[in-house]
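Down below is the structure, laid out as structure tokens.
Taken together, the values in this text are just the output of simple stated rules run on the coordinates, not laboratory data. Bear in mind that the values here come from a model prediction, so they are computed numbers and not experimental data. Cβ: placed from backbone, ideal geometry, glycine included. Neighbour counts: every protein chain shown.
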Amino acid sequence: MDSALSDAAVQETPVLALKILVAGGFGVGKTTLVGSVSEIRPLRTEEQLTAAGRGVDDLGGVEQKRTTTVAMDFGRITIRDDLSVYLFGTPGQDRFWFLWDELAQGALGAVVLADTRRLTDCFPAVDFFEHRGIPFVVAVNRFAGTRGFRPEEVSRALDLDGDTPVVMCDARHRSSGKEVLINLVEYAGRVHAARLLAEVG
């Protein structure tokens, strides 16, 4: 085959990009998770916490936190030459939730990170994805010194649908973060396949 034609054929190979959101409450580890699994230097939009935010941001349980995401985090993982995963970490504070609708456009699914010390912080993200029909998994980020809970206990506490996966993770470790993403992609694939069958059936 002519070299020019061969190069053109390679360039025309369709590239599939999967979009995944990483959501959850303030200080739960979203920026850490995106950074640990991304193969590129992640784009971060973090700013220093200031005195002006003390009456707005709840720092209970994360008193040592000094920065916050004000728009999004972005990372990428290449699965193979024609398949990449784009990760978008959402901002955690209430005042930035208006960005979530834009970030959610075209998402395959989402990871809702949870901290068992502040489990109620998950409810807005869980509600957001449930109401929009976006498949999600809950990933419990295990912080040092916190009590361990079984996945079924977390599922009951968050009143999740029975088939919504709950997995344990350590957002600092690449292997743990990748395992969370594998669980999400597998689950989202099942959900989307079932919906397609329902539509054609």
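Quick one: which residue in ALA114, ALA188, ALA104, ALA157 is within 15 Å of the chain's Cα centre (by Cα) and more than 25 Å from LEU16 (Cα to Cα)?
Only one candidate qualifies: ALA114.
Taking the criterion of being assigned to a helix (DSSP H, G or I) and either out of contact with any Ser or Thr (no Cβ under 8 Å at 6 or more places or on another chain) or under 19 Å from LYS19 (Cβ atoms) (or both), the only residue of the stretch 160-175 that qualifies is SER175. Yes or no: the stretch 122-135 includes at least one residue that is charged (D, E, K, R) and buried (at least 21 other Cβ atoms within 10 Å of the Cβ). Scanning the stretch 122-135, I find no residue that is charged (D, E, K, R) and buried (at least 21 other Cβ atoms within 10 Å of the Cβ), so the answer is no.
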